[in-house]
Every structure is written in structure tokens, then in C-alpha cells.
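Undergrad: So that we are looking at the same thing, I have put the structure below in C-alpha cells.
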Amino acid sequence: MVRLSVLDHVLAPPGTTAGEALAATADAARLAERLGYTRVWFSEHHNAPGLAGTAPEVVTAHVAAATERIRVGAGGVMLPNHAPLKVAEVFRTLEALHPGRIDLGLGRAPGTDNRTAAALRGTRAPDPDFAGLAADLLGLLGDGLPDGHPHAGITAAPEVPGSPEVWVLGSSDRGAAYAAAHGLPFAFAHQIDPDRAVPVLRRYRDTFRPSARAAAPLSAFSAVAFASEDPGEVADFVAFWALYGAVLRSGAGAAPTGEDVRAFRAGPRFDAARRALADRVVAGAPDEVARRLRAIAAMAYADEVVVATPEPDPARRRRSLELLAAGFGIGRADGSGAG
């Protein structure tokens, strides 16, 4: 059975405070837990209007404390923005607080524009090498550092018996190749490059080398997805994401309001935008959305689907989570778990 999980951007649309957005995120995670979702991840974005998820490690702590069983973590930590020792310490602390439930997804990109990335790092130096940063982080998390390494002998405290489950995230061959060569789980961002999702995930599985962290390949893909019985709600979601996606890509403007969405839907550009997003956004009737996601998983031999539902209405988002759980056979549309 293909597992189902959640990627949460911690959306704070106009009229919503960051506190309200974080409370809605915790509510959605509790619902996902009741429905039988496997994990909930939080993205890292910076200088992005309308998002309250700049610190996924803090959101992870908040949501892990509000839930009991579901796995919780970063999807991901944009590693070029952070010192590996600090990441190791933060996620070991989370593992100490919530043993066996913490995930650490590692991203290669900064999750923002170059100017903001430089401000995060406190330097204008070129992007650090992901492979070197990841090797340092894994060594500090318990895999060990080679003799003569500059950090050899440093202990990432607190010491804990287990380790966060480390994933590599990506939308290209590079992340997949690193994950396969180092025996790590891999998640592909289907919403960024849907055409490459299947071949990259298949290649990851074919070239995987077992490690102490993973004896067999473990793969997932994230997808922007929304399920509703109401075609008007589906159109609203697509219109919102078309407008908001442009804001996030450009780094300019503000998150769209409900009035913006309604005007865009009624205007001449909506049909073209909807066609342009047809492969990147899986939105529609519940059975159709579940069918499309399961078909991608089958073609890619993926173990898990991670749904991102950047829907400004919390009630609509919760309903979509319920409908998708039912479509994947892990829950019922009344919000109760599968057993």
C-alpha cells in the first residue's frame, strides 16, 4: 500500500496572523494523525510573503508536542543556509524530546533568493558544497567523521540512542544520485518538475546502495494536491496557487486575497493558467485526485505520496485531507481513522 503524508508550508494568507497559521498547522497535523497519514513535514522558505514556516525545526517542535504518533519533521532544512553542527544539535534535541518520530529532510537549494540567502548565512561567499555539508552532518549525527577531519572529536549534544530519519530532497538527478550512493531515503518535488519525477525516482531505486541508515530504497514524491466534491472550490484552489506561485517565484508582491482570486477566476487569463498548471497541480474530484497520485506512485515505484495543500481556507484543507485519506484507503471522509 502506498503511504500518504503531508507537506505543510504554514500558509498565513492576508487577514491571518502567524499565530493563527501555526495553530491551524497543528490542527491539520492532529487530523492527519487521526486519519492515518505517515508523517507531516514543514518547508523552509525565507522572504516569502504569506508564509509562517521560516523555521521548520521550531514548527516541528510545536507540532510534535501537539501530536502523539505521527512522524514530524523538516521537509526540509535547506542545508546551505545552516552549519551542520547546529542542525545536528537541533534535531538531536528534537529526537530526545520525541524519540522515533523525527524526520530531517535535507535540501540543496537555499529556499529563497540569493540576497536573502547571503543574509541568512552572514556571508556573500558562494553556496557551500551540499555533499560536503551533508557528509559533515551525517558524521555528527552518529555516522562518524574520518580521522583528521576538522570537526573530529566534536560531539553533537545531546547524545541520544536513536537518530532522526534523514531524507534527501530534490527536483533533479543530483539529489537522487547523492541519496542512492549514500543509502538514504529520497523525496522528489513533483510540483517543481513533474516530467522528471518518474525517471529520477526509478533511477534512484535502481542505483541505491544499502547503508546503516537504510537497507533498501525508500522513496516519495511531493505534489501540490487538493480534493473537493465542489468544482468551484477546485477552481478557487487552482486560481490561488497560480497567483501565489508567481509571487513565490518572483520574490515580489503579496499573497493573494480572496478578492484577488475571484477576480482572476473571472478574468481572461485563468483558463490559460489552469492549463499551464495541469501537470503541476493535482486538483479535482476526490476519486480523480487519488487516482492520479496513485498512478504516479505506481509508475515511479514510490513508497509514499506527500501532499502539499496550500489552501487559504483551513476547513477546505481539512476536508481535502479527509477525502484523500479515504481515497488511499487509510481513513474515512468523516474524519475518523482507518483503524
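Undergrad: Remind me, what semi-axes does the chain give for its equivalent ellipsoid, largest first in whole Å, using sqrt of 5 times each Cα gyration tensor eigenvalue?
TA: Whole-Å semi-axes of the equivalent ellipsoid: 32, 22, 20.
Undergrad: Is there a quick way to get the dipole size of the chain? I mean about its Cα centre, with the Cβ of Lys and Arg at +1 and of Asp and Glu at -1; what is the value in debye to the nearest 20?
TA: That gives the chain a dipole magnitude of about 480 debye.
Undergrad: Next question, about the same structure. What does the net charge come to around Arg249 if you take all other residues with beta carbon closer than 15 Å to its beta carbon, with K and R at +1 and D and E at -1?
TA: Surrounding charge for Arg249 is -1.
Undergrad: Moving to a separate point now. By counting other Cβ atoms within 10 Å of each Cβ, how are Met1, Met78, Met299 ranked from fewest to most?
TA: Ranked by crowding around the Cβ, least crowded first: Met1, Met299, Met78.
Undergrad: What number results when the radius of gyration of segment 170-273, computed over Cα atoms, is divided by 2.2 N^0.38 Å?
TA: Values: Rg = 18.4 Å, N = 104, 2.2 N^0.38 = 12.8 Å.
Here the answer is 1.43, to two decimals.
Undergrad: Let me ask another. Quote the relative contact order of the chain in percent (integer), defining contacts as alpha-carbon pairs under 8 Å separated by 6+ residues.
TA: 20
Undergrad: How big is the gap, in Å, between the Cα center of segment 257-335 and the Cα center of segment 207-230?
TA: 18
Undergrad: Let me ask you something else. Once every Cα of segment 189-339 carries one equal point scatterer and solvent is ignored, give the base-10 log of I(q)/I(0) from the Debye formula at q = 0.12, 0.15 Å⁻¹, two decimals.
TA: Calculated log10 I(q)/I(0) at the listed q: -0.57, -0.84.
Undergrad: I need the semi-axes of the equivalent ellipsoid of segment 1-141: take the C-alpha gyration tensor, multiply each eigenvalue by 5, square-root it, list largest first in whole angstrom.
TA: On the way: eigenvalues 128, 78, 29 Å².
Ellipsoid half-lengths, sorted descending, are 25, 20, 12 Å.
Undergrad: While we're here: At a Förster radius of 35 Å, what calculated FRET efficiency corresponds to the Cβ-Cβ distance of Arg269 and Ala295, to the nearest 0.05? Can you show the working numbers first?
TA: Values: r = 29 Å, r/R0 = 0.84.
My answer for the efficiency is 0.75.
All of the numbers you see were taken from the coordinates with simple rules; none came from a lab. All of these numbers come straight from a predicted model, not from anything done at the bench. Glycine also receives a Cβ, built like all others from the backbone with ideal geometry; neighbour counts cover every protein chain displayed.
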